[in-house]
Amino acid sequence: MWCRRLAWLLRGPCRQRRSSGHCWPWPPRGTKTVVTALTRGHHIAPGSLPCTWQLHGDHLELRYRDMLMRLDFVWLRDHCRSASCYNTKTNQRSLDTASVDLDIRPQAVRVDETTLFLTWPDGHVTRYGLEWLVQNSYEGQKKQVMHPRILWNAEIYRQAQVPSVDCQSFLETDEGLKEFLQNFLLYGIAFVENVTPTKEDTEVLAERISIIRETIYGRMWYFTSDFSRGDTAYTKLALDRHTDTTYFQEPCGIQVFHCLKHEGTGGRTLLVDGFHAAEQLLRRAPEQFELLSKVPLKHEYVENVGGCHNHMIGVGPVLNVYPWNNELYLIRYNNYDRAVINTVPYDVVRRWYHAHRTLTTELRRPENELWVKLKPGKALFVDNWRVLHGREAFTGYRQLCGCYLTRDDVLNTARLLGLQA
């Protein structure tokens, strides 16, 4: 295959490419030049992919593997991975970004089969692998998924027959831990079987993948219907689908549930893939999806029960997306804890209610509801940024324990095992 070797001269005397015969004279001093033409040369590079480039006033335009990338000159200088600019031992930048001239332009540019070479006015040479640019350019990121997932309703999840992981395998082997984390990353829920039904053993389980996040509810908590906290969850009433801690500025990432005892009826746990419902909303009413991703709301938790006094406020849209690829990464949905809507002007608020109603309809479709009976010995991990949970009313004595986990540490554990997270 052919790869175009294209040479640019932005400064210095006239030079001539023997292969093309063209000479680009340098203008007189004081003349401001914006070069838009290219000298083009060719060379045979068996097995290589076609690549071309062109300089513009403030950026380099590079086409490689059918991808057109626009790379700002400052960006290209800032991300240099040479030994003087980047510490490969610590994987940290050494270059002082504030020292880079914001009007910097390369003095010379060269591309071969695999690498882009840039020579800067001070003689420093930056090298970029073309594949690295594909992966790390804005255009490349737009085409990539940050977090691969399988969206599901109840039937899809049942047909997938996602296995639970045995507690011993989870705790003692990398294979068992990796299988668990892969299930969790793909579906937003995962189960561990044969756990000793105690708070202490559940704590050991949780610490296998993350640091436990201590909150106003403590580190590890028991959960009964004694109304010991000012929350509907501490009753025997049914709970509609919701995500937890929407009233935190950063909602808790993962929640762990382990039913230690239930002497009575009812109490099944409801699980709904919020991202699946949001995807249906995006397909049917994209303008409503966009509205729910842009309008910030307040969620609030006010508690004055016994010795517990708290007033928490979290702010954010219902749907949170990465702006470069519109990928959903967090749903903040809790009708119990949503505060007064005073962050939306009057001419938007009714449209917001329509959009919220459409999303709620999707979340409440019976086919989206996965009902699970939690029993002693079976621990459930829930991605609180994705999967909504609830429960049906129950009778008798029901005791759960659990905790919140720091999302960063769970994803860190997954990456260390070679998973995309």
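The values are calculated or read from the model by the stated rules, or taken from the named source; none is laboratory data. Quantities reported herein were computed from a predicted structural model and do not represent experimental measurements. Neighbour counts are summed over all protein chains in view; Cβ atoms, including those assigned to glycine, are modelled from backbone coordinates with ideal geometry. Accessible surface is based on the protein model in full, side chains and every heavy atom, while ligands, DNA and RNA are left aside. Shrake-Rupley method; radii C 1.70, N 1.55, O 1.52, S 1.80 Å.
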What is the residue count in the stretch 360-395 for residues that are assigned to a loop (DSSP other than H, G, I, E, B) and either at pLDDT 95 or above or open to solvent by 30 Å² or more (accessible area, probe 1.4 Å) (or both)?
14
Hey, could you check the stretch 180-220 for residues that are in a helix (DSSP H, G or I) and of a type in the set (S, T, N, Q) and say which is nearest to residue 273 (Cα to Cα)?
183
Touching a residue at least 12 places away in the same chain (Cβ under 8 Å) and touching a Leu at 6+ places or on another chain (Cβ under 6 Å) - does that describe any residue in the stretch 226-239?
no
Going by what's in this entry, would residue 349 be described as under 30 Å from residue 402 (Cα atoms) and at pLDDT 95 or above?
no
Inspect the stretch 174-193 for any residue being buried (at least 16 other Cβ atoms within 10 Å of the Cβ), touching a residue at least 24 places away in the same chain (Cβ under 8 Å), at positive phi and touching a strand residue (DSSP E or B) at 6+ places or on another chain (Cβ under 8 Å) and give the result as yes or no.
yes
Please state which one of 118, 95 is surrounded by 14 or more Cβ atoms within 10 Å (Cβ to Cβ), within 30 Å of residue 416 (Cα to Cα) and touching a helix residue (DSSP H, G or I) at 6+ places or on another chain (Cβ under 7 Å).
95
Take the conditions under 25 Å from residue 235 (Cα atoms), in the same structural domain as residue 181 (by the TED database) and either of a type in the set (Ser, Thr, Tyr) or at pLDDT below 95 (or both) and apply them to residue 405. Does it pass?
no
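Residue by residue, here is whether (1) part of a loop (DSSP other than H, G, I, E, B); (2) at pLDDT below 95; (3) out of contact with any Lys or Arg (no Cβ under 6 Å at 6 or more places or on another chain); (4) not aliphatic (A, V, I, L, M) holds:
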{"site": "123", "(1), (2), (3), (4)": "yes, no, yes, yes"}
{"site": "126", "(1), (2), (3), (4)": "no, no, yes, yes"}
{"site": "146", "(1), (2), (3), (4)": "yes, yes, yes, no"}
{"site": "152", "(1), (2), (3), (4)": "yes, no, yes, yes"}
{"site": "155", "(1), (2), (3), (4)": "no, no, yes, yes"}
{"site": "159", "(1), (2), (3), (4)": "no, no, yes, yes"}
{"site": "178", "(1), (2), (3), (4)": "no, no, yes, yes"}
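If you check residue 244 against the conditions, is it modelled with pLDDT of 90 or more, assigned by the TED database to the domain that holds residue 387 and either part of a loop (DSSP other than H, G, I, E, B) or of a type in the set (D, E, K, R) (or both)?
So residue 244 passes the test.
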What do you reckon, is residue 131 more than 30 Å from residue 380 (Cβ to Cβ), of a type outside the set (Lys, Arg) and touching a Ser or Thr at 6+ places or on another chain (Cβ under 8 Å)?
yes
Over the stretch 340-359, the set of residues outside any helix (DSSP H, G or I) and not polar (S, T, N, Q) is 340, 341, 344, 345
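To keep it simple, each residue is scored yes or no on (1) surrounded by 13 or more Cβ atoms within 10 Å (Cβ to Cβ); (2) of a type in the set (Phe, Trp, Tyr); (3) touching a residue at least 12 places away in the same chain (Cβ under 8 Å); (4) over 19 Å from residue 254 (Cα atoms).
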site: 282; (1), (2), (3), (4): yes, no, no, yes
site: 293; (1), (2), (3), (4): yes, no, yes, yes
site: 308; (1), (2), (3), (4): yes, no, yes, yes
site: 313; (1), (2), (3), (4): yes, no, yes, yes
site: 322; (1), (2), (3), (4): yes, yes, yes, yes
site: 327; (1), (2), (3), (4): yes, no, yes, yes
site: 330; (1), (2), (3), (4): yes, no, yes, no
site: 333; (1), (2), (3), (4): yes, yes, yes, no
site: 338; (1), (2), (3), (4): yes, no, yes, yes
